[in-house]
Every structure is written in structure tokens, then in C-alpha cells.
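Here the structure is laid out as C-alpha cells; the discussion comes afterwards.
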Amino acid sequence: MQLNQPTITSGNGVRPTHVEVNLDHLCANLKAIKEKTSPAKVMIVIKANAYGHGMDAVARHLAPHTDYIGVAVLEEGILLREMGIRTPILVLGGIWEEQIPDFIKHDLTLTASSVERLQQIDRAAESLRKKAIVHLKIDTGMERIGVHYYSAHTLQEAALGCKHVDVEGIYSHFANSDADDLSHAHLQLARFNEVLSFYEKHSLPTPPLKHMANSGAILQLPEATFDMVRPGILLYGVYPSDEVKRTVSVTPALSWSSKVVYFKVTKPDHPVSYGSTWQSDENVRVVTVPVGYGDGYFRAMSNKAQVIIRGVKVSQVGRICMDQMVVNLGADGTGYNGDEVILIGKQADQQITAEDLARWADTIPYEILTNINTRVPRIYIP
């Protein structure tokens with residue numbers, strides 16, 4: 001199994017359109033999260049190619065500094081093991097019965113989201129003469145995978161009879177812990193606490209890793225810290241929503257840039273790009289930038305996005321193409337072939353963030369970051 005991800009170090013020749021990931025910023029963000037949630041353990045979530053930052057490099061750099069790693073699917077866990085990562089890895093997503101032996105063989109922690117799945121895990125572990133490590137998944141208000149909180153006792157009781165399963169953890173997930181109104185989050189937390197009371201009521205030991213706090217809860221719900229927290233987008237220096245309280249200071253680790261590849265003067269009544277959706281009423285200077293929706297720069301941002309060239313924010317015009325887009329410098333603007341173009345990041349006193357792109361595309365920063373295509377090289381600094 002191989003990662004389909006160009007990995008490039010500073011100093012190599014590189015495509016002008018590329019991403020830079022500052023590993024020091026990642027470490028500083030992780031440290032800030034630890035300080036906020038101590039003494040709880042930390043599970044770094046690096047699914048979806050580490051939110052677009054490159055799973056290989058992020059895992060190698062942060063694995064020595066974290067207690068657990070979270071991924072979404074079996075394949076991501078296997079890739080990490082094949083890279084030599086020995087840190088415990090929880091696969092957060094649903095699983096199929098035929099996958100279970102691979103989980104156990106690669107020493108991956110399984111999510112048991114139903115009694116049926118838990119019993120399948122137990123049988124597979126017995127046949128392999130191994131112990132499967134499992135975290136029980138409780139649905140407290142997401143309506144995705146996981147046994148409903150009001151039926152959780154069936155899963156907890158079933159676990160008592162599984163002799164080849166080590167129930168190391170029990171967890172749930174918030175639906176809107178990053179919101180201004182936390183009423184639903186508080187309801188979910190109360191439901192999870194009620195599920196946990198099962199162990200005390202029956203004089204049973206509680207699984208050692210109880211966890212529920214995602215990025216929003218780390219910032220706003222300290223009472224949800226439990227034994228471990230699961231920072232996702234916060235780890236990468238991006239806040240999960242505009243309204244969330246910023247109780248941890250983090251710095252974006254990712255910047256995205258390109259270079260001007262072509263300069264020209266466009267006359268009035270000469271439409272720009274596919275569909276002829278934009279034209280100027282005067283002579284304007286425009287430049288072509290070699291980035292498009294094939295790289296993950298969303299077409300939905302057409303005629304709305306801005307970039308930074310020579311320290312000035314300028315507007316993208318016309319439809320964004322698969323591999324190129326056009327930027328309007330205005331009648332008196334300055335820009336030449338080879339000029340740096342900031343898509344996400346800082347130049348001079350100007351900045352464009354993943355949140356800006358999300359607003360232009362009518363989406364969330366998670367989608368912006370995870371959709372930066374694998375043909376865009378990642379450069380890791382320092």
C-alpha cells in the first residue's frame with residue numbers, strides 16, 4: 001500500500017503551485033492543546049491525509065508527541081503501520097466483518113458500534129488467538145454509527161461476555177460543540193455521562209479511555225475532557241467555526257501559493273474564461289495563475305475569490321478552470337510573470353485564510369483543506 005501524495009523537502013525543484021506545511025506550528029498547536037486539557041491524553045486526528053497537510057509527514061513528526069492517533073478508515077491505519085508508526089491507532093469509522101482480521105493483524109484499535117459487530121470482533125480475535133482492542137461507540141445525538149445512548153447497556157453488557165476483546169475505551173461525538181448555542185452539546189454530554197454510570201451501578205471498572213471532546217469541545221466544554229481529547233482541525237491551526245470561543249491560541253500550519261504564469265491587458269467587451277461570466281468596461285491588466293479546481297481550488301469561488309500579489313489583495317475573475325484561473329489587477333495594477341500569488345497565507349500585511357476560501361465557496365474550512373489535491377506538492381518546513 002502506498003500514499004498517493006508527493007512529499008517534497010525544502011530546496012528541491014517544485015511546481016510553482018504548492019503547499020507549505022510548517023511542522024513547528026503543528027508542534028506548537030499540539031503543545032497548546034495539551035496545556036489546555038492536561039492531564040488528559042491526546043489523540044491527534046490525521047484522517048483525510050491529515051486534513052490535507054500530508055499524513056506521512058504529519059504522522060512521523062507528531063507521533064512521538066501524542067498518546068493516540070485517530071483515522072477514519074482501515075486503509076489509513078495500515079498505511080501508518082507500514083510507515084513504522086507504532087503509536088496506538090483508533091479507526092473511528094464503521095467497519096465490515098471481512099475487515100476485522102486486518103485490524104487485528106495490524107494492531108489497530110477497532111470501533112465497536114453494535115452488539116453484532118462486537119461479537120464478530122470477538123470471534124475473529126479468538127480464531128487468530130489474539131486479543132482485539134476495542135472502543136465502544138455511543139450515539140448521543142449525531143445519528144451516525146454507534147448504539148443509541150438509551151440502548152448502550154446492551155453493548156456494555158455484551159462486552160462483558162467477549163473474552164477475546166479488551167474494551168480499552170468508550171466514546172461519543174458532538175454534533176455542534178463549536179456553536180454559540182451549546183444546549184444540544186450539553187444534552188449529549190449528559191447522555192454520555194448517564195451511559196458511563198452503568199459501570200458504577202454494576203460495580204464494574206470503567207474503560208480506561210473515555211473520550212468525547214473534539215476541537216469545539218476542547219475550546220468550549222472543559223467538562224467533556226474526560227480521559228482523552230481528539231483535536232482535528234484545531235491541531236492544524238484552524239478554528240472549527242467563526243463563533244467558537246478561541247480559548248486556545250493556534251497558528252495555521254498550511255499556506256498555499258502559486259506564481260503568475262502569464263500577463264496581458266484585456267480590453268473592454270472581451271469576456272474572460274468559460275461561460276463569459278465576467279468582462280471589464282475598461283482596459284485592465286490581468287494575469288493567469290496555474291491553479292484550478294483540479295487542484296482543489298473550488299469552481300464555486302469563481303468571481304468571488306481574492307489572492308495576494310505584491311502585497312495587494314486582488315480579485316479572481318471569470319470562471320475558475322480545472323488548471324488555471326484569471327486574476328484582475330485593475331487598470332493600474334502591477335504584476336509580472338513569476339510573481340508569487342498567495343492563495344492561503346500571508347504576504348506583507350495581508351492575509352487570506354482557509355476560512356476566507358470557505359466563505360467564498362459557501363462551505364467550511366474542513367472541506368477546503370481536505371480537497372487540496374494530491375497533485376499539489378507539499379513542502380515541509382523547517
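Every number in this text was worked out from the coordinates using simple rules, so none of it is lab data. Keep in mind it's a predicted model, so treat the numbers as computed, not measured. Here Cβ is always computed from backbone atoms with ideal geometry, including for glycine, and neighbour counts include all displayed protein chains.
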### Query
When we measure straight from the Cα of residue 267, which aspartates and glutamates land under 14 angstrom away, once same-chain ones fewer than 8 places off are left out?
281, 282, 332
### Task
Return the distance in nm (one decimal) between the two label points of a simple spin-label model at residue 198 and residue 127, each offset 7 Å from Cα along Cα→Cβ.
2.6
#### Entry: Amide H contacts of residue 329 (H built 1.01 Å from N, under 5 Å, at least 5 apart or other chain)
285, 286, 287
### Loop trypsin sites (Lys or Arg not before Pro), the range 120-213, which have at most 15 other Cβ atoms in a 10 Å radius of their Cβ (DSSP)
129, 130, 131, 144, 163
### Message
Looking at the chain only, what percent of DSSP beta bridges run antiparallel? Nearest 5 please.
### Response
50
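Go through the range 277-382 and name the GluC sites (Glu not before Pro) that are in a DSSP coil and have 15 or fewer other Cβ atoms within 10 Å of their Cβ. Could the numbers behind the result be given before it?
Details: sites: 282, 340, 355, 367; in loops: 282.
Qualifying residues, ordered by number: 282.
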### Summary
Listed by chain and number, the residues whose amide H is under 5 Å from that of residue 210, excluding neighbours fewer than 5 places away on the same chain and using placed H, are 170, 227, 228
### Summary
A correct Karplus calculation of ³J(HN,Hα) over the range 121-138, with 6.51 cos²θ - 1.76 cosθ + 1.60, θ = phi - 60°, whole Hz and x for Gly and Pro, returns 4, 4, 5, 5, 5, 4, 5, 8, 6, 9, 9, 8, 8, 9, 10, 7, 9, 10
### Query
For the chain, what is the convex hull volume of its Cα atoms per residue in Å³?
146
### Task
Pull up the cross-link candidates among the lysines for residue 210, meaning alpha carbon to alpha carbon under 28 Å and not fewer than 8 places away within one chain.
31, 34, 36, 41, 47, 105, 130, 131, 137, 163, 201, 245
#### Entry: Karplus-derived 3J(HN,Hα), 6.51/-1.76/1.60, for each residue of the range 309-321, Hz, glycine and proline x
10, 6, x, 10, 6, 10, 9, 6, 10, x, 6, 5, 8
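Given the Cα-Cα distance of residue 106 and residue 370 and 0.36 nm per residue of separation, how much length would full extension add, in nm?
Extending this stretch completely gives an extra 92.5 nm.
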### Message
Just to be sure I understand: if I project the alpha-carbon convex hull of the range 33-142 onto a plane and average over all orientations, what area do I get in nm²?
### Response
7.9
